[in-house]
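Just so it is clear, none of the values below were taken in a lab; they were calculated from the coordinates. Values in this document were obtained by computation on a predicted structure and should not be read as measured data. With ideal geometry, Cβ positions are generated from the backbone for all residues, glycine too; neighbour counts draw on all protein chains shown.
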Amino acid sequence: MSTREDGRADDELRPITITRNWLDHPAGSVLVEFGRTRVLCAASASEGVPRWRKGSGLGWVTAEYAMLPAATNTRSDRESVKGRIGGRTHEISRLIGRSLRAVIDDKRLGENTIQIDCDVLQADGGTRTAAITGAYVALADACAKLGVPGALTGSVAAVSVGIIDGVPRLDLPYVEDVRAETDMNVVMTGDGKFVEVQGTAEGAAFDRSELDALLALAEKGCADLTRLQAEALGR
């Protein structure tokens, strides 16, 4: 019998929806939903690369992450109004970019840039992992539209895991995330390799067996997400 508020098993993802072509203008766009967390990912392509990359023959993939003011239960001002980008926003933007670059062949992309904008419409935990998972699908569509589908060397997805009341759990909503004794975000390629592991103990340290249990959960979750990405792309 489940002890989670939403009735899920400890190793079960929230309901996941990946809706492609959500916007008209970008080369690729996806609305990704992890339960009540909703993130809009848009991939825009442009000729040229940053100055430091010119003449290399290599392309560039980068990302920006942001949250709508009303994405959480308490409205927050836009960072553009504040006049500076917050540390969390900058960190997540870089994480998304690194994750996507792990599955891109820069040479095949040529000297073109793909910019992924990830905007959180509603936040209920796992916004960065949802953004990475949706951004990959938007990137795949953008590469196809650019005529360089071979630029993708694989797929990438991400999921959160954590220990709540001593129990390892997969894909944490906000109510679990704020109570987690250990919280971890795991990014993996479709063939089961780790791109990034971000883990933090909140008050009580975790041991190797707990780490192994969390990584096993993350592997299962990312494998399920990889399958859902492939289904969304019709593969």
Between GLU231 and ARG36, the FRET efficiency computed from the C-beta separation at R0 = 22 Å comes out, to the nearest 0.05, as 0.55
Tell me, what ³J(HN,Hα) does each residue in segment 42-56 have, in order and in whole Hz, if you take phi through Karplus 6.51 cos²θ - 1.76 cosθ + 1.60 with θ = phi - 60° and put x for Gly and Pro?
-> 10, 10, 10, 9, 8, 6, x, 9, x, 3, 5, 10, 5, x, 8
If GLU202, GLU231 are placed from fewest to most neighbouring beta carbons inside 10 Å, the sequence is GLU231, GLU202
Out of LEU121, ALA232, ILE85, whose Cα points farthest toward the positive end of the dipole of the chain (charges: +1 Lys, Arg; -1 Asp, Glu; placed on Cβ)?
-> ILE85
What order do you get for 41-51, 117-127 when each peptide is scored by the mean count of other beta carbon atoms within 10 Å, highest first?
-> 117-127, 41-51
